[in-house]
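Note sheet for the following structure.
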Amino acid sequence: MKLKGAQIFIESLKKENVEYIFGIPGGAIIDLHDELYKQDDVKFVLTRHEQAAVHAADGYARSTGKPGVALLTSGPGATNGITGIATAHMDSIPLIVFTGQVPTILIGNDAFQEADIVGMTRSCTKHNFLVKDVKELAYTIKKAFYIATTGRPGPVLIDFPKDVQVTEAKFSYPETIHLRGYNPTYHGNLKQIKKVANAIAKAKKPLLYVGGGVITSNAHKEVIKLARKLRIPVFTTLMGIGTYPEDDELSLGMAGMHGTYRANMAIQYCDLLISVGARFDDRITGKVSEFAPNAKVVHIDIDPTSISKNIHVDYPLVGDAKIVLEEMLPMFDEYNSVDWDEVRKPWLTQINKWKNEHKLAYNEKEEQILPQYVIEKLAEITKDDDPIISTEVGQHQMWVAQFYTFREPRRLLTSGGLGTMGFGFPAGIGAQFANPDKPVYVFAGDGSFQMNEQELATLIAYDKPVKVIILNNGFLGMVRQWQDLFYGRRYAATNIEVQPSFVKLAESYGIKARRITKKSEVEEALLEMKDHTGPYILDAVIAREENVYPMVPAGAPISNMLLT
Amino acid sequence: MKRIFSIVVENESGVLSRVANLFSARGYNIESLNVAPINEMNLSRMTIVTEGDEVILEQIGKQLNKLIDVVKVTEYGDVPFVEREMALIKMHTDLGTRAEVLRIIDIFRGKVVDVSPDSYTVEVTGDSNKIDAILSLLEPLGIKELARTGKVAMIREKKK
Ligand SMILES: Cc1ncc(C[n+]2csc(CCOP(=O)(O)OP(=O)(O)O)c2C)c(N)n1
């Protein structure tokens with residue numbers, strides 16, 4: 001039977017078990033929407049801005065591991081989506097973004113709402129396609145899902161001209177697919193795995209460095225096994241938060257620019273740094289030439305380009321983190337007679353000393369609301385709820401990373417690589433669609449929240465009980481902090497105290513909201529929010545000039561921490 | 001350090017720009033680039049000459065491999081290989097220079113492929129040194145126009 005391109009689109013999405021598509025309609029995709037309208041399997045979620053649509057698809061993907069799907073119209077719809085696509089690209093999140101395009105005969109003519117979105121997104125997608133012939137549509141969609149979700153995942157864009165949507169072709173969805181230029185390496189080289197295992201077993205001061213790749217490959221259980229078996233302390237990157245329970249004795253929390261003292265010190269003194277699914281980002285390494293000066297480096301990653309990109313690696317190991325660790329773990333059986341507690345004692349004692357020297361802390365006597373306190377309180381009252389926490393970008397994001405205790409992967413949604421303000425709120429909404437039974441909390445700065453606050457309408461339209469806590473300092477806080485510390489307190493363009501009443505704003509959408517200004521109100525307000533069945537906006541007015549510590553100045557060695 | 005990358009790519013639209021983009025986005029330099037179909041279905045070969053230190057060259061190789069449309073990457077650096085480049089050179093000629101031009105072409109085993117009353121168009125093939133050498137000899141005699149293909153390369157088979 002022959003189907004129109006628009007119908008092939010729907011049938012293909014069904015084959016891929018797509019539940020939700022996020023986006024905004026337009027002339028170039030009106031035929032797709034017409035077909036979406038006629039069925040119930042694939043549900044369309046209408047956002048109020050395309051950037052938010054892509055972030056919502058991204059939040060869906062981060063919280064589930066399944067690909068997120070967005071549908072944007074041609075021209076401005078597509079260009080509005082680019083920030084979302086680039087955000088997903090930097091964090092290796094699987095997305096399929098469909099964009100409408102002008103009819104094929106008009107492409108290149110500067111037609112109304114034409115944008116060369118394939119050209120524009122070439123460097124911020126894993127791959128992209130322009131479908132010129134309806135006969136290639138199903139195969140292209142299959143390829144897009146395959147590429148987006150395998151190897152090191154990432155966003156794939158399909159540009160879909162209007163005429164292709166209404167032309168007919170026979171529909172058959174390919175079961176399997178082979179791309180001669182794309183063969184990710186999943187199994188590590190066994191000899192190399194053995195070598196790495198030996199190096200790990202011999203190390204006196206080993207340290208696990210765990211990144212978002214461990215979440216992608218679902219390797220957290222293997223990481224935990226490895227750490228516990230050989231008593232190896234673990235730190236994570238921002239993207240790796242949740243892979244290792246942060247209240248475990250071997251956890252050092254997050255390392256890097258705003259990492260814990262003990263994690264950064266451990267990096268500088270370890271003799272073997274075992275990186276799994278991380279990429280030695282400059283926010284972790286600080287000054288590269290003085291990073292981990294005493295350590296040999298193991299780097300396990302599925303993406304060969306990540307290895308030895310920023311730092312010299314002694315033991316490169318290309319492969320999927322889970323598969324590699326599964327293959328490696330039994331190799332330690334030959335060391336079963338070793339008393340690892342005893343072997344590790346001096347190293348763990350040292351780390352414990354660092355831990356006690358400088359804990360993450362804040363002034364507990366302060367009467368104004370301190371952001372760290374709000375976050376700690378929420379962690380406390382949601383301890384048994386297993387919530388998803390989404391953040392915007394800035395100081396509040398770092399405080400969440402420091403002060404919320406994460407125990408499971410896929411619970412923290414945050415834009416790590418691109419650092420996109422405006423990500424957190426829509427990503428939280430997307431996650432709520434994917435996880436109707438889990439509470440979703442968004443921590444936002446007042447600056448970031450205003451970048452996508454229009455999505456309050458989406459919350460109400462779909463009746464999603466997302467809770468937003470605005471840690472409101474009336475500043476673009478993170479930039480102000482840099483100005484405070486490194487630019488003579490010249491607060492250039494960072495004062496944003498001119499702001500709406502967030503309470504009235506929320507209420508104008510019909511959303512319950514509350515503003516608090518005193519520490520004594522925090523706990524009760526958080527409980528009220530938690531117990532409220534619908535969406536809720538809590539505007540917490542915090543001490544305006546609180547800074548995030550520790551802080552390693554950009555480009556300094558990571559042991560150079562400003563502690564207060 | 002110079003390096004030649006010879007890559008086999010899918011004949012998809014945009015593949016050239018993907019490769020070029022990779023170089024420009026990461027600040028790598030392309031000295032020459034040459035692309036043409038090969039005798040296999042829907043595949044082309046690109047030959048790229050680039051420069052960088054060992055770390056950058058390793059990254060370039062890996063990044064090229066990562067592109068979905070790139071099927072195979074071969075690097076010419078350490079292994080013996082043959083490289084060739086072709087140049088078309090249009091010479092101003094008059095009675096005083098014709099004989100000299102022909103002599104030089106002959107020495108370099110070039111060919112005259114087009115003649116007019118006041119010009120010769122010359123074709124010459126060889127490795128880049130040879131092309132550079134003939135150009136330096138022809139230069140004083142008056143080069144009107146020059147087109148070089150950029151390098152193509154292949155690994156030498158082992159001699160039994
Ligand atoms: C889209 C975007 N624009 C600009 C920046 C630069 N930037 C980084 S943090 C920050 C301030 C964020 O302010 P706010 O959301 O109020 O959070 P706070 O730091 O105060 O917690 C800015 C402007 C960014 N990360 N993203």
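The values are calculated or read from the model by the stated rules, or taken from the named source; none is laboratory data. Small disclaimer: the values here were computed from a predicted structure and weren't measured. As a convention, Cβ positions derive from the backbone with ideal geometry for all residues, glycine included, and neighbour counts pool all protein chains shown.
The numbered conditions (1) in contact (Cβ under 8 Å) with a residue 40 or more places away in the chain; (2) away from the ligand (no atom under 16 Å from the Cβ); (3) away from chain B (no Cβ under 14 Å); (4) buried (at least 16 other Cβ atoms within 10 Å of the Cβ) are all true for A:Val297 except (1). Within the stretch A:26-35, none of the residues are charged (D, E, K, R), at pLDDT 95 or above and within 26 Å of A:Thr87 (Cα to Cα). Scanning the stretch B:1-50 for residues that are charged (D, E, K, R) and more than 13 Å from chain A (Cβ to nearest Cβ) yields B:Lys2, B:Arg3, B:Glu31, B:Arg45.
Whenever a residue of the stretch B:63-83 is within 14 Å of chain A (Cβ to nearest Cβ) and buried (at least 17 other Cβ atoms within 10 Å of the Cβ), its partners that are charged (D, E, K, R) and outside any strand (DSSP E or B), lying with C-beta atoms within less than 8 angstrom and at least six residues away or across chains, give the pairs B:Gln63/B:Arg26; B:Lys66/A:Asp303; B:Leu67/B:Arg18; B:Ile68/A:Lys126; B:Asp69/B:Glu12; B:Asp69/B:Arg18; B:Val71/A:Arg180. Tell me, please, whether a residue that is β-branched (Val, Ile, Thr) and either modelled with pLDDT of 95 or more or more than 30 Å from A:Thr140 (Cβ to Cβ) (or both) can be found in the stretch B:32-45. No, every residue in the stretch B:32-45 fails to be β-branched (Val, Ile, Thr) and either modelled with pLDDT of 95 or more or more than 30 Å from A:Thr140 (Cβ to Cβ) (or both).
Name the residues in the stretch A:456-472 that are within 12 Å of the ligand (Cβ to nearest atom) and either more than 24 Å from the chain's Cα centre (by Cα) or among the aliphatic types (A, V, I, L, M) (or both), would you? Those that are within 12 Å of the ligand (Cβ to nearest atom) and either more than 24 Å from the chain's Cα centre (by Cα) or among the aliphatic types (A, V, I, L, M) (or both): A:Ile469, A:Ile470, A:Leu471.
Number of residues in the stretch B:1-30 that are touching a residue at least 60 places away in the same chain (Cβ under 8 Å) and acidic (Asp, Glu) equals 1.
Taking every residue in the stretch A:178-195 that is in contact (Cβ under 8 Å) with a residue 60 or more places away in the chain and pairing it with any residue that is aromatic (Phe, Trp, Tyr) and surrounded by 14 or more Cβ atoms within 10 Å (Cβ to Cβ), at least 6 positions away or on another chain, the pairs with Cβ-Cβ distances below 7 Å are A:Lys195/A:Tyr315.
Among the residues of the stretch A:126-145, those that are at the interface with chain B (Cβ under 10 Å from one of its Cβ atoms) and either in a loop (DSSP other than H, G, I, E, B) or closer than 22 Å to A:Leu32 by Cα (or both) comprise A:Lys126, A:Asn128, A:Phe129, A:Leu130, A:Lys132, A:Lys143. Could you list, ordered by first residue, the pairs with Cβ atoms under 8 Å in which the first is in the stretch A:101-123 and at positive phi and the second is of a type in the set (Val, Ile, Thr), at least 6 apart or interchain? Short answer, once both residue conditions are applied: A:Gln113/A:Thr73; A:Gln113/A:Val102.
Can we say A:Glu408 is within 15 Å of the ligand (Cβ to nearest atom) and charged (D, E, K, R)?
no
Please verify whether A:Val548 is outside any loop (DSSP other than H, G, I, E, B) and within 16 Å of the ligand (Cβ to nearest atom), treating the condition exactly as stated. Here the answer is no, as A:Val548 does not meet what is asked. The set of residues in the stretch A:347-365 being in contact with a Leu (Cβ under 9 Å, 6 or more places away or on another chain) and among the basic types (Lys, Arg) consists of A:Lys355 alone.
The single condition among (1) more than 20 Å from the chain's Cα centre (by Cα); (2) farther than 19 Å from A:Leu325 by Cβ that A:Gly256 does not meet is (1).
Just the residues that are hydroxyl-bearing (Ser, Thr, Tyr) and farther than 30 Å from A:Leu485 by Cα, please, taken from the stretch A:521-564. Across the stretch A:521-564, the qualifying residues are A:Thr533, A:Tyr536. Residues in the stretch A:477-528 that are assigned to a helix (DSSP H, G or I), within 14 Å of the ligand (Cβ to nearest atom) and within 29 Å of A:Ala554 (Cβ to Cβ): A:Gly477, A:Met478, A:Val479, A:Arg480, A:Gln481, A:Trp482, A:Gln483, A:Asp484, A:Leu485.
Kindly indicate whether A:Gly240 is under 20 Å from A:Ser92 (Cα atoms), in the same structural domain as A:Gln350 (by TED's automatic domain parsing) and surrounded by 24 or more Cβ atoms within 10 Å (Cβ to Cβ). Here the answer is yes, as A:Gly240 does meet what is asked. When A:Gly417, A:Gly424 are checked against the criterion of being in contact with a Ser or Thr (Cβ under 7 Å, 6 or more places away or on another chain), of a type outside the set (Phe, Trp, Tyr) and not assigned by TED's automatic domain parsing to the domain that holds A:Ser251, a single residue qualifies: A:Gly424. Residue count for the stretch A:61-116, restricted to those that are in a helix (DSSP H, G or I), within 16 Å of the ligand (Cβ to nearest atom) and farther than 16 Å from A:Ile147 by Cβ: 9. If you filter the stretch A:437-452 down to residues that are part of a strand (DSSP E or B) and either within 8 Å of the ligand (Cβ to nearest atom) or at pLDDT below 95 (or both), you find that the one that is nearest to A:Ala379 (Cα to Cα) is A:Ala444.
Scanning the stretch A:423-433 for residues that are small (Gly, Ala, Ser) and either within 11 Å of the ligand (Cβ to nearest atom) or surrounded by fewer than 24 Cβ atoms within 10 Å (Cβ to Cβ) (or both) returns a single hit, A:Gly424.
Go through the stretch A:487-529 and report how many residues are without any contact (Cβ under 8 Å) to a residue 24 or more places away in the chain, surrounded by 12 or more Cβ atoms within 10 Å (Cβ to Cβ) and among the β-branched types (Val, Ile, Thr). Qualifying residue count for the region: 1. Inclusion of A:Ile460 among residues that are of a type in the set (Val, Ile, Thr) and touching a helix residue (DSSP H, G or I) at 6+ places or on another chain (Cβ under 6 Å) is not warranted. Restricting the stretch A:182-196 to residues that are surrounded by fewer than 21 Cβ atoms within 10 Å (Cβ to Cβ) and in contact with a strand residue (DSSP E or B) (Cβ under 7 Å, 6 or more places away or on another chain), the residue that is nearest to A:Leu273 (Cα to Cα) is A:Lys195. Exactly one residue out of B:Phe5, B:Phe23 is in a strand (DSSP E or B) and out of contact with any Cys (no Cβ under 8 Å at 6 or more places or on another chain): that is B:Phe5. Within the stretch A:68-91, the set of residues being surrounded by fewer than 24 Cβ atoms within 10 Å (Cβ to Cβ) and either under 16 Å from A:Pro161 (Cβ atoms) or of a type in the set (Gly, Ala, Ser) (or both) comprises A:Gly75, A:Ala86. Selection of the stretch A:171-189 for residues being away from chain B (no Cβ under 14 Å) and under 16 Å from A:Ala148 (Cα atoms) yields A:Thr176, A:Tyr186.
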